[in-house]
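Every number in this text was worked out from the coordinates using simple rules, so none of it is lab data. Keep in mind it's a predicted model, so treat the numbers as computed, not measured. Note: ideal-geometry Cβ built from the backbone for every residue, glycine included; neighbour counts use all protein chains shown.
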Amino acid sequence: MQKIKNNSLFVASLILAIAVIFSLASLTAARNTTSAENSTNNQARQINATEHRSTVANFVRTLLKTASSTEGGIGQQVRVIAQQQNDSEATTTKAIEKINSRSKIKTFLIGSDYKNLGALRSEMVKTRNRIDQLNRLIQNATDTAEIQAQIQTLEQEQIKIESFIKVQEGKFSLFGWLAKMFNK
């Protein structure tokens with residue numbers, strides 16, 4: 001009986017040691033990125049948030065200019081949509097920056113920043129609704145070329161954000177399944 005307990009204790013210790021070694025090796029591999037790669041990645045991450053901010057600012061500026069020159073009742077509605085999108089841009093940019101600034105080790109252990117990914121998804125739905133509103137508005141307008149071009153620009157930005165979300169959600173993590181359970 002004593003021998004069985006010693007053997008099971010030995011096996012359990014061996015399994016624990018292997019798990020610790022695997023975790024340490026994985027963490028060491030995650031840390032072994034050069035500082036040049038880190039600075040390049042950080043610049044690319046900053047560019048993504050900056051690009052989004054710039055794209056939305058151009059979208060809003062152009063829509064406001066178009067709304068002021070558009071005759072009829074849609075000018076005010078276009079202004080409201082442009083202002084809503086401008087407000088949404090701050091939330092989206094902040095979420096992108098938080099997701100990008102999450103440490104690789106934390107991402108490896110517990111997964112992506114699901115809270116901010118959810119905020120991005122929420123803002124995407126709101127933006128999709130605004131695009132639909134603009135499409136309905138331009139059906140009644142006469143000069144719609146500029147608004148149509150801005151809608152296409154915003155749709156392209158939506159595609160970029162959606163692919164960003166998919167990449168972030170697809171990252172491997174040891175205990176990501178546990179983090180997802182708590183975030184629901």
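Test of understanding: what is the full-extension gain from Asn58 to Gln148, defined as 0.36 nm times their sequence separation minus their Cα-Cα distance?
Length difference between fully extended and current span is 31.0 nm.
Place +1 on the Cβ of every Lys and Arg and -1 on the Cβ of every Asp and Glu in the range 42-183, take the dipole about the Cα centre, and give the residue among Leu109, Ala145, Val60 whose Cα lies farthest towards its positive end.
My answer, from the dipole projection, is Leu109.
Please report the relative contact order for the range 42-183, taking Cα pairs under 8 Å with a sequence separation of at least 6, and give it as a percent rounded to a whole number.
Values: 127 pairs, mean separation 45.1, N = 142.
Once normalised by length, the contact order is 32 percent.
Once the Cβ-Cβ distance between Ile105 and Asn129 is put in as r, and R0 is 35 Å, what FRET efficiency do you end up with, to the nearest 0.05? Mind dumping the intermediate values first?
Details: r = 37 Å, r/R0 = 1.07.
It comes to 0.40.
What's the extension gain from Lys171 to Glu51 if we count 0.36 nm per residue and subtract their Cα-Cα distance?
Details: separation 120, 0.36 × 120 = 43.20 nm, distance 2.30 nm.
In short, 40.9 nm is gained.
Within 9 Å, Cβ to Cβ, of Gln85, how many net charges do the neighbouring residues add up to if Lys/Arg are +1 and Asp/Glu are -1? Kindly include the intermediate steps, with their values, before the conclusion.
On the way: positive: Lys126, Arg130; negative: Asp87, Glu89.
My count for the surroundings of Gln85 gives 0.
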